[in-house]
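The values are calculated or read from the model by the stated rules, or taken from the named source; none is laboratory data. As the structure is a prediction and not an experimental result, all values here were calculated from the model. Glycine gets a Cβ as well: all are built from the backbone with ideal geometry, and neighbour counts include every protein chain shown.
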């Protein structure tokens, strides 16, 4: 599904998909046929392409990203960045040695509604009204595809779904002049992996942000954000419908022009266009490998905290960097 989203975004950005690789002959042949591309083995990538989109399971992210970078391609790497912090360290170093031509695919960082929300928060703070409340929620039912609940995935609802609101919270914190996340408190539940996570992010300023991420929701997903100060409340809803308001008044959002509005509304098109522009102008992407590693630092600290009954845990946590997030929780 995500590979298809990136393929649509590439077309909207004026790029052509030339090759598709996947774990099975059936899956790569189908997607390649839908896109008018060649079906190839992973080893043949980049197969003449300038950019390789890595949308495989997290356990393959490091190897597939390294393979493409070492063969001269730029890489758009799906979240979560990699499986362990050790892999994140090595990938940040490799990406830097290859010209920082890797984009960490946090698509919401490129979504028009998130841009509008962050700009509104920045103006509120600049006018002398500091943010004192921050809450983000991504609550939905369990995905019907992928092996999200297997230990091999590396983590559950927080690692895979919750990494979105954590990233947006970090961006809001920066816009609100709250500084970086310095500590976390997290409680997780689930059997094989976590299916529900409740996290408190503690920023340098003392602001405490709440992130709830869950696969225990109903059929209708609920993704929303609320940021407030003494005199202002900014609220965004991403799912089930898209809306933004300030003190109860709706804020107009750009009308999508893409054939599939979700591709534009959720930042996939903007992300691809920005990456192409970054490459043409030899700029390090806004969402780079180092940002992806920082998200891993925060998430791994959350799993360490959950292993100790939600106790306050610093970021970075000083954890074993060779362990997956799930291992930090279940085997600490």
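The set of residues from region 283-328 being part of a helix (DSSP H, G or I) and in contact with a strand residue (DSSP E or B) (Cβ under 6 Å, 6 or more places away or on another chain) comprises 289, 291, 292, 298, 301, 302, 304, 305, 306.
Of the residues making up region 247-259, none is in contact (Cβ under 8 Å) with a residue 40 or more places away in the chain and outside any loop (DSSP other than H, G, I, E, B). For the criterion of being closer than 20 Å to residue 79 by Cα and in contact with a strand residue (DSSP E or B) (Cβ under 6 Å, 6 or more places away or on another chain), residue 274 fails.
Suppose the filter is in a helix (DSSP H, G or I), assigned by TED's automatic domain parsing to the domain that holds residue 57, in contact with a strand residue (DSSP E or B) (Cβ under 7 Å, 6 or more places away or on another chain) and under 28 Å from residue 157 (Cα atoms); does residue 88 pass it? Taking the combined requirement at face value, the residue does not satisfy it.
When 3, 21 are checked against the criterion of being under 21 Å from residue 104 (Cβ atoms), in contact (Cβ under 8 Å) with a residue 40 or more places away in the chain and surrounded by 19 or more Cβ atoms within 10 Å (Cβ to Cβ), a single residue qualifies: 3. Between 74, 105, 109, 88, the distinction of being farther than 30 Å from residue 254 by Cα, modelled with pLDDT of 95 or more, under 22 Å from the mean Cα position of the chain (by Cα) and surrounded by 22 or more Cβ atoms within 10 Å (Cβ to Cβ) belongs to 88 only. Scanning region 182-210 for residues that are buried (at least 23 other Cβ atoms within 10 Å of the Cβ) and in a strand (DSSP E or B) yields 184, 186, 188, 197, 199, 201, 203, 209.
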